[in-house]
1. For the stretch 1-27, name all the residues that are within 28 Å of K68 (Cα to Cα) and either surrounded by 10 or more Cβ atoms within 10 Å (Cβ to Cβ) or in contact with a Ser or Thr (Cβ under 7 Å, 6 or more places away or on another chain) (or both).
2. Within the stretch 28-38, work out how many residues are open to solvent by 100 Å² or more (accessible area, probe 1.4 Å) and among the hydrophobic types (A, V, I, L, M, F, W, C).
3. If the Cβ limit is 7 Å and pairs must be 6+ apart or interchain, which residue in the stretch 33-48 that is over 22 Å from S59 (Cβ atoms) pairs with which residue that is surrounded by 11 or more Cβ atoms within 10 Å (Cβ to Cβ) and of a type outside the set (D, E, K, R)?
4. Is it the case that the stretch 39-58 has a residue that's exposed (fewer than 11 other Cβ atoms within 10 Å of the Cβ) and within 13 Å of the chain's Cα centre (by Cα)?
5. Residue check, E62 against (1) surrounded by 11 or more Cβ atoms within 10 Å (Cβ to Cβ); (2) at pLDDT below 95, all met but one. Which one?
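The values are calculated or read from the model by the stated rules, or taken from the named source; none is laboratory data. Predicted, not measured: the structure shown is a model, and the values here were computed from it. Here the Cβ positions follow ideal geometry from the backbone for every residue, glycine too, while neighbour counts run over all protein chains shown. To get the accessible areas, we keep the full protein, side chains included, count just its heavy atoms, and leave off ligands, DNA and RNA. Shrake-Rupley method; radii C 1.70, N 1.55, O 1.52, S 1.80 Å.
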Amino acid sequence: MDAIYLAAFNLFQWIVRHTPDAVKFPIIKGLAKLAYWLDAKHRRVARVNLDLAFGDLMSGEEKQRIIKKC
């Protein structure tokens, strides 16, 4: 089973190395957006942490921008 995982990893690594950046970066950006929208739990945790750290010193829009960058 480990050999299958290693082969899959090596294949993935080869694909990433040989894919042009013009193709690779939009795919990565899309996957990041998908992960952001699917991970509501951690978005809430980040919002609570920012609320505790900054309170009213930072607007909701600023906090949301920080969460999206992470």
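1. Just the residues of the stretch 1-27 that are within 28 Å of K68 (Cα to Cα), to begin with: 12-13, 15-17, 19-27.
Listed by number, the residues that qualify are F12, Q13, I15, V16, T19, K24, F25, P26, I27.
2. Narrowing the stretch 28-38 to residues open to solvent by 100 Å² or more (accessible area, probe 1.4 Å): 29, 31, 33, 37-38.
Cutting the leftovers down to among the hydrophobic types (A, V, I, L, M, F, W, C) gives us 31, 37-38.
Number of matching residues: 3.
3. none
4. Of all residues in the stretch 39-58, those exposed (fewer than 11 other Cβ atoms within 10 Å of the Cβ) come to 40-41, 48, 52-53, 55-57.
So of that shortlist, the ones also within 13 Å of the chain's Cα centre (by Cα) come out as 40.
There is at least one residue in the stretch 39-58 that is exposed (fewer than 11 other Cβ atoms within 10 Å of the Cβ) and within 13 Å of the chain's Cα centre (by Cα).
5. (2)
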